[in-house]
Amino acid sequence: MFARKLTIPARSQPKAAQPKVLSRALLLLSLPFVAISCASGPTAAERVAMAKRADLETAGLQQNLAVEYQSERKLDKAEPLYLEALAIYQRVLGEEATETALTKSNLASLYQTDARNNEAEPLYRDALETQRQLLGENSIEAAWSMTSLGSLLTNRGSYAEAEPLLTESLLTHRTLLDENDARTAIALRNLAAWHSAQNDFMKAVPLLTRSLKIQRAALSNTHIETGATAAKLARVFGELSRFDEAYPLAHEALSIHEWALGDNNPLTARIRNGLGALYWRQGRYDEAQPLYERSLHDQEIALGRSHPDTAITMQYLALVHQDQGRPNVALRLLSEALVIGRNTYGDEHPSTASTLYNLGVIYTSQGQTSKARPYFTEAMTINRRVLGMQHPMTRRIQHALNQINGVVASNE
């Protein structure tokens, strides 16, 4: 996600005060809690105003530096700057200020990038409410917060709430901005991600294709956001088995991230996993496995073993081991990923259901249907509630559960 910079007005400099000699008698008569100042200098109110302007300028500079760090994925350096800027805006301007709202939105985008969605969501909601009140429903600031919140809700599995936010945001971006604006590209990409989450990949393709075209022109072919969109389009093409179109984009995305962030960056690992997924889909396990192992190693060092991104890589690697006849290794990785997923997303998230389903599949492949059944049952309960019965993944789990029930019934 983009974070947005502030435009900082130049601070006016007060005129130099002319010195004035005060008598010792006057100094002695001054009350101890009243500051003594030159009569021709700024008043106390003027000094307070000057201090506030200085504070606001500092906050603006801090926020803009944080945006730079975030664009370089140096989140540990960006976060304290956002927090300091936010504290200044809250103290000087209050909660109901556009600068406060923008800073909350930027800090939320950092948390979202770092998979800290529980911290990001209330900030997005606060920012959006303030922007709607101060700037109106159709402001570009409110639209930006809408697409950001919609993206987070999509990742969380709250699809019904996410879709109208994403749709309205894209309409506002197209209405208020040039069609080729980079922010419109992000709104297109976020709506495409929502369609992908519904397994509606055919609707995602034109949105991502348009987004990528805009970013190539507005940002450059080597910009990190261009690489992120290329990776998402590669994944969608892979889901559609359009591998001739997927591979060039996946390699391009990985090259951009390696160049911009380095080989060992955890976000580079995410993109590397996308290339590994293409190899896995085509049964090229010897090419997929080293990519996943490299990503897992880098994520463990940068993020820790219990990070949700690390858990996702564990799942990918588990599927490779399963398909290569190593179910015990796959079960160990998936069991660990399930614990991390429950701790991160809770028990009612589609990602949790996906891990449960994969565990059920492995136990089924080993003929352990009694162990597989509770995993399929829990996964079915989650997806029925979150995704609905018509979702392709829900139907897949239902089919597996029906087969398990049939096997169990025949053995009784």
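Go through segment 1-115 and tell me which helices (runs of 4 or more DSSP H), entirely inside it, have 3 or more residues that are loosely packed, with under 10 Cβ neighbours inside 10 Å and at pLDDT below 90.
Working: elements: 24-29, 44-71, 75-92, 98-113.
So the answer is 24-29.
So which of Leu317, Leu356, Leu333 ends up being touching a Phe, Trp or Tyr at 6+ places or on another chain (Cβ under 6 Å), over 17 Å from Arg385 (Cβ atoms), touching a residue at least 12 places away in the same chain (Cβ under 8 Å) and buried (at least 22 other Cβ atoms within 10 Å of the Cβ)?
Working: Leu356 fails: over 17 Å from Arg385 (Cβ atoms); Leu333 fails: touching a Phe, Trp or Tyr at 6+ places or on another chain (Cβ under 6 Å).
Just a single option satisfies the conditions, and that option is Leu317.
Restricting attention to segment 283-319, which residues are within 19 Å of Arg242 (Cβ to Cβ) and in contact with a Gly (Cβ under 9 Å, 6 or more places away or on another chain)? Don't jump to the end; show me each part of the working.
Within segment 283-319, the subset within 19 Å of Arg242 (Cβ to Cβ) is 283-284, 287-288.
Glu287, Ala288 - these are the residues of segment 283-319 that are within 19 Å of Arg242 (Cβ to Cβ) and in contact with a Gly (Cβ under 9 Å, 6 or more places away or on another chain).
Of everything in segment 217-244 that's charged (D, E, K, R) and free of Cβ contacts under 8 Å to residues at least 12 places away in the same chain, which residue is nearest to Asn199 (Cα to Cα)? Spell out the reasoning first.
Keep residues of segment 217-244 that are charged (D, E, K, R), which gives 225, 232, 235, 239, 242, 244.
Filter once more, so that each one left must be free of Cβ contacts under 8 Å to residues at least 12 places away in the same chain: 242, 244.
On the way: Arg242: 15, Asp244: 20 Å.
Step by step, filter segment 217-244, then rank; the result is Arg242.
Of the residues that sit in segment 159-188 and are surrounded by 22 or more Cβ atoms within 10 Å (Cβ to Cβ) and of a type in the set (Gly, Ala, Ser), which one is farthest from Ser220 (Cα to Cα)?
Looking at residues that are surrounded by 22 or more Cβ atoms within 10 Å (Cβ to Cβ) and of a type in the set (Gly, Ala, Ser), I get Ala162.
Of all the residues that make up segment 213-232, how many are open to solvent by 10 Å² or more (accessible area, probe 1.4 Å) and assigned to a helix (DSSP H, G or I)? Reasoning before the result, please.
Initial filter on segment 213-232 (open to solvent by 10 Å² or more (accessible area, probe 1.4 Å)): 213, 216-224, 228, 231-232.
Restricting the remaining residues to those that are assigned to a helix (DSSP H, G or I) gives 213, 216-218, 224, 228, 231-232.
Summing the residues that are open to solvent by 10 Å² or more (accessible area, probe 1.4 Å) and assigned to a helix (DSSP H, G or I) in segment 213-232 gives 8.
When only residues in segment 299-314 that are buried (at least 18 other Cβ atoms within 10 Å of the Cβ) and of a type in the set (Ser, Thr, Tyr) count, which is farthest from Arg272 (Cα to Cα)?
Thr310
Kindly indicate the residue of segment 359-400 that is touching a residue at least 60 places away in the same chain (Cβ under 8 Å) and not in a helix (DSSP H, G or I) and also surrounded by the fewest Cβ atoms within 10 Å (Cβ to Cβ) among those meeting that condition.
Taking segment 359-400 first, the residues touching a residue at least 60 places away in the same chain (Cβ under 8 Å) are 386-387, 391-393.
Next cut, not in a helix (DSSP H, G or I) only: 387, 391.
Working: Leu387: 21, His391: 18.
Among those that are touching a residue at least 60 places away in the same chain (Cβ under 8 Å) and not in a helix (DSSP H, G or I), it is His391.
Taking the criterion of being open to solvent by less than 20 Å² (accessible area, probe 1.4 Å), in contact (Cβ under 8 Å) with a residue 12 or more places away in the chain and not in a helix (DSSP H, G or I), would at least one residue in segment 203-210 satisfy it?
no
The values are calculated or read from the model by the stated rules, or taken from the named source; none is laboratory data. Since this is a predicted model, take the numbers as computed values, not measurements. Please note: Cβ atoms are built from the backbone with ideal geometry, for glycine as well, and neighbour counts cover all protein chains shown. We work out accessible area using only protein heavy atoms, side chains counted, and drop any ligands, DNA or RNA first. Shrake-Rupley method; radii C 1.70, N 1.55, O 1.52, S 1.80 Å.
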